[in-house]
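Notes to accompany the following structure.
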């Protein structure tokens, strides 16, 4: 009689647990990829003082974004505008005509946004000046506004503050940006966001221009330079006498010190404004100012 061997077999595998494990692993994998992609997309946007700065990888993506954001860049500034942070690296490879056209499209919302903010500040100072003129008692906020203005515009009287503060015609801004950057072709524009040829106060060999984090920051500094530098005192006085509506051709006559070309530079600015019909954007900006019933007070930084 043969003896049967006792064979111990393991319990059959739990297939349900295996399926659950695979499903969970797949979900975790997909979720990780989604986070990675979303993270990259999020890093391409920067939120700054009520505006949204966006980046692009190339010119084609820039065109797509501009086509989308033209519906979102609405004014007055209760809506956060979408502004290009930096020009894509292949921007300089475009033909001169296409590059100029695209450059102007990029600059328009930046010029309007920055100008509106400088105009907001100027209006704040005018409101305080009216109170002083009427012998009204200044509130603590009024005094804070004056302190902020004196510090930012480097002056000590309300009259100087009114003369120094203010914006720049959109046409003049775009014309100078186009001239100084070769309509976005220059290395300084592409790598340093410096589209106005702004030099350092103490340049070193190979490092002569200011590096900006964005085209927006470059534009803010450009206007501040015109508002504060002693070289543009006559520019500011002429602007002040013009009131709320600036004549870009007349103001251009006070920018001879911006370039070593001096008066040839003034002619160049005027020619660029005329050739590209840039004053049409001034008219649009003026219509925005008229539509703005009450100017919002910006943060005092």
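Odds and ends about this structure:
- Scanning segment 123-140 for residues that are without any contact (Cβ under 8 Å) to a residue 60 or more places away in the chain and surrounded by 12 or more Cβ atoms within 10 Å (Cβ to Cβ), we see that the one that is farthest from residue 164 (Cα to Cα) is 138.
- Residue in segment 200-215 that is surrounded by the fewest Cβ atoms within 10 Å (Cβ to Cβ), counting only those that are in a loop (DSSP other than H, G, I, E, B) and touching a helix residue (DSSP H, G or I) at 6+ places or on another chain (Cβ under 8 Å): 211
- Qualifying residues in segment 182-199 (those that are without any contact (Cβ under 8 Å) to a residue 24 or more places away in the chain and part of a helix (DSSP H, G or I)) - the one farthest from residue 255 (Cα to Cα): 191
- Condition broken by residue 262, with the remaining ones in (1) in contact with a helix residue (DSSP H, G or I) (Cβ under 6 Å, 6 or more places away or on another chain); (2) surrounded by 13 or more Cβ atoms within 10 Å (Cβ to Cβ) satisfied: (2)
- Among residues of segment 260-289 that are on the phi > 0 side of the Ramachandran plot and free of Cβ contacts under 8 Å to residues at least 12 places away in the same chain, those with a beta-carbon under 9 Å from a residue that is surrounded by 13 or more Cβ atoms within 10 Å (Cβ to Cβ) and assigned to a helix (DSSP H, G or I) at least six positions away or on a different chain give the pairs 262/256; 277/171.
- Check on residue 268, modelled with pLDDT of 95 or more, within 28 Å of residue 150 (Cβ to Cβ) and surrounded by 15 or more Cβ atoms within 10 Å (Cβ to Cβ): no
- Filtered residue count, segment 141-162, keeping only those that are in contact with a helix residue (DSSP H, G or I) (Cβ under 7 Å, 6 or more places away or on another chain), touching a residue at least 40 places away in the same chain (Cβ under 8 Å) and surrounded by fewer than 17 Cβ atoms within 10 Å (Cβ to Cβ): 1
- Subset of segment 242-256 (residues that are in a helix (DSSP H, G or I) and at pLDDT 95 or above): 248, 249, 250, 251, 252, 256
The values are calculated or read from the model by the stated rules, or taken from the named source; none is laboratory data. Bear in mind the structure is a predicted one, so any value in this text is a computation, not a measurement. So basically every Cβ, Gly included, is an ideal-geometry build from the backbone, and we count neighbours across all protein chains shown.
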